[in-house]
Amino acid sequence: MAMLFNTLAYATTQQQARVLFINPGFANKSFWQDVGDYAKAAAKTLNLDLTIRHADRNHFAMRQILSATLNKPTRPDYVIIVNEKLAADDLLPMLRDYPIYVQVILNDIDEQTKNIHRKRDVLARISPS
């Protein structure tokens, strides 16, 4: 995660980067709350415009969050996702037509999924986790 925020810090030299973190957990439950708090602290230090949306342990909600975000006129420059319950299989194709960089954290995508998205030119925008 630190590598992601260092990359984003470099990108912010021109303008404040907009970052969406789709947190798969609950806002007030131990581990995912800590991850969100860490992301907030890093974003504040690096002057990033961070939005955290919680999916409350519902991988279908992760898709709804991303869909709603992509339908807005102002979209994020970066999206942070967790491949919980193999959610990346649904989320990455949604990002295909948008110039949005993707960071997969904590649960990486498998080689088969990487190969599929490499062919679709989505993988070029995915930072290694």
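Structural remarks
- Residues of the stretch 76-102 classified as of a type in the set (Lys, Arg) and either closer than 18 Å to residue 61 by Cα or touching a residue at least 60 places away in the same chain (Cβ under 8 Å) (or both), total: 1
- Restricting the stretch 45-75 to residues that are charged (D, E, K, R) and touching a residue at least 24 places away in the same chain (Cβ under 8 Å), the residue that is nearest to residue 92 (Cα to Cα): 63
- Extreme residue, surrounded by the most Cβ atoms within 10 Å (Cβ to Cβ), among residues of the stretch 24-47 that are assigned to a loop (DSSP other than H, G, I, E, B) and either within 14 Å of the chain's Cα centre (by Cα) or of a type in the set (Phe, Trp, Tyr) (or both): 24
- Listed conditions (1) buried (at least 18 other Cβ atoms within 10 Å of the Cβ); (2) modelled with pLDDT of 95 or more are all met by residue 87, apart from (2).
- Taken over the stretch 53-73, the residue count meeting the criterion of being more than 19 Å from residue 85 (Cβ to Cβ) and either in contact with a helix residue (DSSP H, G or I) (Cβ under 9 Å, 6 or more places away or on another chain) or assigned to a helix (DSSP H, G or I) (or both) is 3.
The values are calculated or read from the model by the stated rules, or taken from the named source; none is laboratory data. This structure is a prediction, so every number in the text was calculated from the model and none was measured. Quick reminder, even Gly has a Cβ in these numbers, built from the backbone with ideal geometry, and neighbours come from all protein chains shown.
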